[in-house]
Each structure stands twice: as C-alpha cells, then as structure tokens.
1. Give the number of residues within segment 135-154 that are in contact with a strand residue (DSSP E or B) (Cβ under 6 Å, 6 or more places away or on another chain) and part of a helix (DSSP H, G or I).
2. Would you say residue 105 is at pLDDT below 95, closer than 22 Å to residue 36 by Cα and either surrounded by 22 or more Cβ atoms within 10 Å (Cβ to Cβ) or touching a strand residue (DSSP E or B) at 6+ places or on another chain (Cβ under 6 Å) (or both)?
3. Looking only at residues that are over 18 Å from residue 52 (Cα atoms) and buried (at least 24 other Cβ atoms within 10 Å of the Cβ) in segment 111-132, which one is nearest to the chain's Cα centre (by Cα)?
4. Can you confirm whether residue 202 is assigned to a loop (DSSP other than H, G, I, E, B) and within 21 Å of residue 21 (Cβ to Cβ)?
5. Part of a loop (DSSP other than H, G, I, E, B) and either more than 20 Å from residue 105 (Cβ to Cβ) or within 17 Å of the chain's Cα centre (by Cα) (or both), is that true of residue 180?
6. When you scan segment 155-167, do you find a residue that is part of a loop (DSSP other than H, G, I, E, B), crowded, with 21+ Cβ neighbours inside 10 Å, out of contact with any strand residue (DSSP E or B) (no Cβ under 6 Å at 6 or more places or on another chain) and touching a residue at least 12 places away in the same chain (Cβ under 8 Å), even just one?
7. Are any residues in segment 70-87 in a helix (DSSP H, G or I) and over 19 Å from residue 136 (Cβ atoms), and if so, which ones?
C-alpha cells in the first residue's frame, strides 16, 4: 500500500524508498491494472474502474466545464458532485487509475490522493485552460482537468502532492527544512514540480511547465541558498515522514 513498504520495530516504522517512475503511467497501464484488480479493496477502486467520479457540477445538475469558473468555485466541495453511469467517461476513469498507480511511488502523493477530495472537469479538453489544477488548504479540496496525455492526466497527482504536504504539516510530523526555519522560502509549487520530475516520470511537458521546471532548483538557490543536493535530501525526508504517517494510519507487519 502506498509509495513505500515498511516493517515495524519498537519505535518508528522502517521505510524503504520506491524507485522513481521511468514514465508516467499510461492508459495501457491503467487498463492492465484494472484487469488484474490492482485497486480492489481501496477507496480508488470504483473511481479507477469507471463506476464513480467526483465531477464539477451544481447540485442536481449535469457536469460542467471549469472555463469561466473562479478558483474558489472549483475548489469548493459543494461544486464537486458524485456521478455514476454515462457521465463517467474513460478519460476520467483513466485519470484516477493513472494517478493511483503513480502515487505508489510517492508517499506524499498517496497521503494526499483522495478521489472524493478532488473535483475533476471531464468536459473541458486538456490544455485549453489557463489553470489545469488547484488545491485549497482552506477547503481541503482540489480540482483537476482530466486528460488523455501524460501532462493532463498527471495534474491530479500533482495536486495530490500539494494535499499530501498539507496533511503532513497538519500532523505535526513534517521535517523542518533547516535549523533556521520549518519551511523553505521557495514556493511550494517549485517543490512539487521537482517531485513530479524526479519521481513521476517527468510528465509535465507543456511550454509553461518546462519553463517552471527549469527554474525550480534555481529558485531554491536564490531564495534559500540551497544546492540541488540539499533540496533532494529535503524531498527524501518529506517522503520518509509521509510514509511513516501512512504506516501509523494503516499499520502493517507483525504486531
């Protein structure tokens, strides 16, 4: 379960880092996972199998597009309605399934990925909106445009990492960035982009994403005086703390 496996000792769980993805999970990977019951018994099962979807809609209405909607509107849980049947198309089902598979390589993503906490836009074509995803700590609800391509399909995973970071902070067990401060001055968006690049098969390939990724490590150097090695070590410490949080929530091993 989750990104890392663990065994129980007397104190903290021992965690073992999963290898990064070589590429973001594909539609074929999603189909294979469904055929072999990879999601059976998990909260992701009915979503990844196309039985349910949390879609952008007014209560009692049909699914709608996010175009023209404000960020507060798309991250409002009241505008994320649960649908079944023909409104759940294979694009939304694959977005869920591919995110579920990708989250297995990141404890932060696993900690944040909850299909009922993210509203999908399954109506709007990917790459046709200025903002393809968002997460609001105030409402503990996120949003993502579903997509066929790796860039679009991975937005749900990206936003789940934001939520995982927030859940880790709320637990009180997030590792301090340094002796001087709990969190880096560099925006969290840069941290998430690096994780997506390092752990998730580097799916974010739009011109905008490429520009942002190129500057992510530079921003850490400029704002926090941190070389790439230190940033990578900080990510490792965050992942280990998230894995321990998952182990506490769902203990495994002899006890």
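1. Selection size over segment 135-154: 0.
2. Values: at pLDDT below 95: yes; closer than 22 Å to residue 36 by Cα: yes; either surrounded by 22 or more Cβ atoms within 10 Å (Cβ to Cβ) or touching a strand residue (DSSP E or B) at 6+ places or on another chain (Cβ under 6 Å) (or both): yes.
It is true that residue 105 is at pLDDT below 95, closer than 22 Å to residue 36 by Cα and either surrounded by 22 or more Cβ atoms within 10 Å (Cβ to Cβ) or touching a strand residue (DSSP E or B) at 6+ places or on another chain (Cβ under 6 Å) (or both).
3. Residue satisfying both the conditions and the ranking: 112.
4. On the way: assigned to a loop (DSSP other than H, G, I, E, B): yes; within 21 Å of residue 21 (Cβ to Cβ): yes.
So residue 202 passes the test.
5. yes
6. At the first step, the residues of segment 155-167 found to be part of a loop (DSSP other than H, G, I, E, B) are none.
No: zero hits.
7. Narrowing segment 70-87 to residues in a helix (DSSP H, G or I): 71-74, 77-79, 85-87.
Listed by number, the residues that qualify are 85, 86, 87.
Okay, residues lined up against (1) under 21 Å from the mean Cα position of the chain (by Cα); (2) modelled with pLDDT of 95 or more; (3) under 24 Å from residue 111 (Cα atoms); (4) assigned to a helix (DSSP H, G or I):
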site: 185; (1), (2), (3), (4): no, yes, yes, no
site: 191; (1), (2), (3), (4): yes, yes, yes, yes
site: 195; (1), (2), (3), (4): yes, yes, yes, yes
site: 214; (1), (2), (3), (4): yes, no, no, yes
site: 218; (1), (2), (3), (4): no, yes, no, yes
site: 229; (1), (2), (3), (4): no, yes, no, yes
site: 234; (1), (2), (3), (4): yes, yes, yes, yes
site: 237; (1), (2), (3), (4): yes, yes, yes, yes
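The values are calculated or read from the model by the stated rules, or taken from the named source; none is laboratory data. Values in this document were obtained by computation on a predicted structure and should not be read as measured data. Cβ sites come from the backbone with ideal geometry, for glycine too, and all protein chains shown count toward neighbours.
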